[in-house]
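Heads up, the thing below is written out as structure tokens.
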Ligand SMILES: [Ca+2]
Ligand SMILES: [Ca+2]
Ligand SMILES: [Ca+2]
Ligand SMILES: [Ca+2]
């Protein structure tokens, strides 16, 4: 095992400080588990004790089911103890590293019927304030044209709850990614939840009708560049594949806020996840191969330090 090609690669990447993602193809349309390997990992709650599932907050609702505020259950994020609301995935699309997200919505409909923006929010410095949002825009004028977006915050609001966001949609820190014209391609997917694609949740139908998986991915390099842009965390923020951060999610009728469903109440603090990282390490269902490789890589790297160091970094004899 110690001399396996994977460990050599992991050790090399560790020494060189290059982010290394799980070497799987990230299929946005795949089941959550494929051939026993978890592709889409259910994100855990802040305490790391269970899946992060949507919480209520409207009119005393505590279920998170049918709690969206504008009347469209296609925008109602839902989950149960065995069916996560939010998933994260890492891998390659077309040979390029991508990061992806999947959310479980209460009602499956046609792509054209969805008039929403679905956001994942990120707290990179763990201060309880969202620093950036990534999502899919399915606004009416774009209902057949899925746009994966990275939205900055303009820092004028607290961004600690859905009602205090200042999402600067017009100031994207990256260009819009117009990745699909039909909602189902290599980067975006919308499908009915079934037992076949919802291996962990068993095809649960929350509130009596079929649920939907909304899935999207974006280039990892664009994700990192946005984080390190001056308007989000700043170029000095050291982000790599092992940096941990917390995520949450929301749906909205507008690009610049969250007004339909949030992971908790609109006026209470964001319901963020347990720490995740782009290498997937903090998420328990990481594949054995990945975990083993990452855990052993530093030791291997130490043993092989001279061999794998860049020539310029080697101590001079
Ligand atoms: Ca909710
Ligand atoms: Ca909900
Ligand atoms: Ca349902
Ligand atoms: Ca923050």
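Since every read-out is calculated from the coordinates, none of them should be taken as a lab result. Worth saying up front: this structure is predicted, and the values here are computed from it rather than measured. Neighbour counts are summed over all protein chains in view; Cβ atoms, including those assigned to glycine, are modelled from backbone coordinates with ideal geometry.
Before moving on, here are some points about what is shown:
- Computing Rg and the Kirkwood Rh from the Cα coordinates of the range 26-286 gives a ratio, Rg/Rh, of 0.92.
- Sites residue 109 and residue 155 - FRET efficiency at Förster radius 51 Å, r taken between beta-carbons, to 0.05: 0.90
- Residues 146, 40 arranged by fewest to most Cβ contacts within 10 Å: 146, 40
- Were the residues from residue 269 through residue 62 laid out at 0.36 nm apart, the gain over their Cα-Cα distance would be 73.0 nm.
- Here the Debye sum runs over all C-alpha atoms of the range 177-249 as equal scatterers in vacuum, and log10 of I(q)/I(0) at q = 0.17, 0.28 Å⁻¹ comes out as -0.86, -1.21.
- The residues 75, 109, when put in order of fewest to most other Cβ atoms within 10 Å, stand as 109, 75.
- Cβ-based exposure ranking for 204, 70, 38, 188, in which fewest neighbours within 10 Å come first: 70, 204, 38, 188
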